[in-house]
Amino acid sequence: MRYLALEDWLAFQQRLHPAAIDMGLDRVAAVLARLALPQPLPPVITIGGTNGKGSTVAFLEAMLTASGRRVGAFTSPHLLDYNERVRVDGQPVGDEALVEAFARIDDARGDISLTFFEWNALAALLVFAGRGCDVWLLEVGLGGRLDAVNALDADVAVVVSIGLDHCDYLGPTLEHIGAEKAGIFRKGRPAIFGALDMPATVGEAAAATGADLWRLGRDFDAEPGHRGEWTYRGRGWTLQALPAPALAGAVQYRNAAAAIAALESLRARLPVGETAVRAGLLQARVAGRFQVIDGAPEWILDVGHNPAAAAELAANLDARPCAGRTWLVAGILRDKDIEGIAARLDGRGEWIAVGLEGDRALAVNELARRLAAQSGASVRTAPSVEAGCELARQLAGRADRIVVFGSFHTVGPALRWHRGG
């Protein structure tokens, strides 16, 4: 075994491959074949899209767990600990299981160089197989067609939404991005699309592949009821008076409906009852997605890092009135649409720009300049997320709220700071 400690494996993986992002399936598929996972595999649900992936995984994970299934869930990135990326029955797996998986991958790969994410994905598959998981939930990291999780054929593919993000890799338009996201569709298998606005390329990809396309608003829907209750209406399954999703925001009804549609499409092989669906709606949790920390002042943490996510954050803030002022603690990477994000939050608070760490970080003074140019407001600065949180705490009154957003690289340190760690 090359290393005994998880942190040593992770450091090795980060320096092994010459590029942090190197999209393609050849490397991971070759190593996966050498690992020879036991066949047949259990049902695999792959979840892609620009926004809403983590929430949809959370709904699926909670519903399937409530049905008595052993569920493996692979998500990325993590907020606090790497282990969050690989969960079984809702709990992060321990270091020992990951180290064992990495050793097997290292033995199998020979001279094949893997990216950090490819190590992640392969380790998750080994853990799920070893733990005897009844269903595997695989969240796409970037795009879909060339993402590492697409080395497996999904029994159900979910594309939650299409928005402008990662344009350097996926293309400049929604049509380009839609084609890449739809690359997870498979012939003769359900393909769930969870937004009302669908780029034509998604439908074209489904037709070319021979996938069975389920569209929100046509094949399934979330119909509003009274006091937050709603009805799921699918091709053959109608669930009435469902409880409001535990995750905040109007978009979560659509994300929950996409999750239920995926389960409906798999009912012959993986039956899940209405009781489990109801329980999962109430039990789903995702850290850092409009996560409210009660107090005086109130804190809200949101990883949203593109204009569509910022618009959803703005809508959630509008739906949650604040008696005092709102402080927007923003940490955004340099390859994101900073002006687009700022425009969606225009007029909703006082800005504090914070510095981030890593190769994709933008100098805090430059971030502040661009936020100010877009919003026309003055922008305070802090050299780090922790310093920005402390500044906001000092400025805020008891009736105020502090919103920390813009990236996993922002919310993770903020959550750790808030917990005193």
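Just so you know, all these numbers are worked out from the coordinates, no wet-lab data involved. Quick caveat: nothing in here was measured; it's all calculated off a predicted structure. All Cβ positions, glycine included, derive from the backbone under ideal geometry; neighbour counts span all protein chains shown.
In the chain, with Lys and Arg counted as +1 and Asp and Glu as -1 at Cβ, which of these residues, G144, I402, F102, has the Cα nearest the positive end of the dipole, that is, farthest along it?
I402
Can you pull the one-decimal nm distance between simple spin-label points at R419 and A244, each 7 Å off the Cα toward Cβ?
Taking the two extended label points, one gets 2.7 nm.
Along the charge dipole of the chain, Cβ charges K/R +1 and D/E -1, which of L126, L174, S55 sits furthest on the positive end?
S55
Pull out the extension gain between Q283 and Y3, defined as 0.36 nm times the separation in residues minus the alpha carbon to alpha carbon distance; nm, one decimal.
97.1 nm
I need the trypsin sites (Lys or Arg not before Pro) found in the stretch 1-110, filtered to DSSP loop residues with at most 15 other beta carbons within 10 Å of theirs.
Those that pass, being in a loop and sparsely packed, are R2, R70.
Gain in length, L41 to E175, computed as 0.36 nm per residue apart minus the alpha-carbon separation, to one decimal in nm?
45.0 nm
If amide H atoms are built 1.01 Å from N in the plane of the peptide, which residues on other chains or at least 5 residues away come under 5 Å of the amide H of V329?
HN-HN under 5 Å from V329: I352, V403, V404, F405.
Using modelled amide H (1.01 Å from N, peptide plane; none on Pro or chain starts), what sits under 5 Å from the amide H of F220, excluding residues fewer than 5 places away?
Hits under the 5 Å cutoff: R215.
Once you charge only the Cβ atoms, +1 for Lys and Arg and -1 for Asp and Glu, what is the size of the charge dipole of the stretch 291-418 about its Cα centre, to the nearest 20 debye?
It works out to roughly 200 debye.
Just tell me which lysines come within less than 25 Å, Cα to Cα, of K336; anything on the same chain fewer than 8 places away is out.
K53, K181
Please report the spacing between the Cα centers of the stretch 29-62 and the stretch 89-109 in Å, no decimals.
Taking the Cα centre of the stretch 89-109 as reference, the centre of the stretch 29-62 is 16 Å away.
Sorting check: for 396-409, 256-269, 348-361, which peptide has the highest mean count of neighbouring beta carbons within 10 Å, and how do the rest follow?
256-269, 396-409, 348-361
Taking the Cα centre as origin and putting +1 on Lys and Arg beta-carbons and -1 on Asp and Glu beta-carbons, what dipole magnitude results for the chain, to the nearest 20 debye?
Using Cβ point charges on Lys, Arg, Asp and Glu, the chain gives about 680 debye.
List M198, M63, M1 from most exposed to least, where exposure is judged by having the fewest other Cβ atoms within 10 Å.
So the residues, fewest neighbours to most, are M1, M198, M63.
Give the relative contact order (percent, whole number) for the chain; include only Cα pairs under 8 Å separated by 6+ residues.
Averaging sequence separation for qualifying contacts and normalising by length gives 15 percent for the chain.
Add -39500 (n - 2.57) for each DSSP H run of 4 or more in the chain, then divide by its residues: what number comes out at 222 nm, to the nearest 500 deg cm²/dmol?
-12000 deg cm²/dmol
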